[in-house]
Amino acid sequence: MKRLESLDVLRGFDMFFIMCMDPIPCIFYALGTALGHEHHWLTQQFEHVPWIGFHFYDLIFPLFLFIAGVTWPYSLAKKRERGVSSGRIVWGCVRRGLTLFALGCFIEALGPGGDRNILQFDWPNFRLWSVIGRIGLTWAVAAIIYLFSTRRARVWTVIGILLFWWAFMRFGVAPGAPEGWNPLLTGKFTLANWIDANYLTPAHRGEGAVAMIPMVATALFGMFAGEWLRTDVAEPHKTTALFGWGLGGIAAALVMAFAFGGLSCPIIKNCWSSSFALLAGGISAILLALFHWIVDVKGWRRWGFFFKVIGMNSILCYFMARTILQYDHIERLFFGGILPHMPTLWGAFVAELGVMAFYWLILLFFYRRGIFLRA
């Protein structure tokens, strides 16, 4: 089966919003603030919600994990065709997960602005559970579950994960909380953060280590979608079904978030609440359906070349922008002379635009030469 070009385009679309690091979330936020619309609802979509709620920017992380899940049924089928044993497949999953975890540790060790180095061991400030590391580990767990379970078992696994995580976050209260405390309402006294801070992080803070449990469900959502796309069903029906499943996920998330009073599960990205997993999975499925229909079914590919260049080297893009070519360095090198003469907000937008162009041209250089970094 030929490669799904829509996945490369969608992955590049996702990475586009995180090519440059905070405090400037992405170019659209910089443009909105430069135009004086910092508090407009559209501009706010490119900032994370502090706790309860959902903005578009909260989708970037789970969408990448969902896409990684979509590719697994294709990759697994190729391995089976080559006669690769289950043992070797498991080892490949573990190796990939550990590689991404180690890469995340390497990136985090450098620190913002590159003011530390990887052998400094600055444990009070070190972040062990990076975004890319958690993606790698949760994908590996989901891939192994997919490998050894039936379709029905996978569905029940997802249901079990979501129900367990709701109960854990709703009733799992950290020591010292007031009697009858609901940690989902404020984010304080959550048992997940307490376990992170006391047992799983050298910096003694919540970093999302325990919250990798529901992330496995997000990866499995992507694997369900990838398995469906591999079937012999007519392409228009595939797209329609994906879109319908996406709407179903969104509806289930809203029901879980609002329909059960004090037992409801709010939509919270920071702890990857069960309703958030459903909402992000639903929106991801709709985006996949849209990109698949446009790129693979209709064959409208030219518009997606910009994103494809990014998507086919997403790991290189992430690594490059956070290590050897960090945003601050590139900004000073190319724009340090003109930014002091510009209004601050417009300067931030120009710098964001320029640094993004710089990164993209480097990725284009590797793309033209067929050089792609794989984990």
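Quick notes on this structure:
- Residue count for the range 348-359, restricted to those that are surrounded by 15 or more Cβ atoms within 10 Å (Cβ to Cβ) and without any contact (Cβ under 8 Å) to a residue 12 or more places away in the chain: 0.
- Met15 vs. criteria modelled with pLDDT of 85 or more, closer than 30 Å to Leu339 by Cβ and either of a type in the set (A, V, I, L, M) or surrounded by fewer than 17 Cβ atoms within 10 Å (Cβ to Cβ) (or both): yes
- Helices (runs of 4 or more DSSP H) within the range 186-276 that include 1 or more residues aliphatic (A, V, I, L, M), touching a Pro at 6+ places or on another chain (Cβ under 6 Å) and more than 29 Å from Trp72 (Cα to Cα): 235-258
- Flag if Asp328 is within 30 Å of Gly104 (Cα to Cα) and out of contact with any Pro (no Cβ under 7 Å at 6 or more places or on another chain): yes
- Top-ranked residue of the range 138-157 - restricted to ones that are crowded, with 22+ Cβ neighbours inside 10 Å and touching a residue at least 60 places away in the same chain (Cβ under 8 Å), ranked as nearest to Thr201 (Cα to Cα): Thr138
- Considering (1) closer than 16 Å to Phe164 by Cβ; (2) modelled with pLDDT under 90, the lone condition that Asp232 does not fulfil carries the number (1).
- Listed by position, the helices (runs of 4 or more DSSP H) enclosed by the range 286-371 that each have at least 1 residues that are modelled with pLDDT under 85 are 314-322, 327-335, 344-368.
The values are calculated or read from the model by the stated rules, or taken from the named source; none is laboratory data. In this text the structure is predicted, and so the values were computed from the model without any measurement. Backbone-built Cβ (ideal geometry, glycine too); neighbour counts: all protein chains shown.
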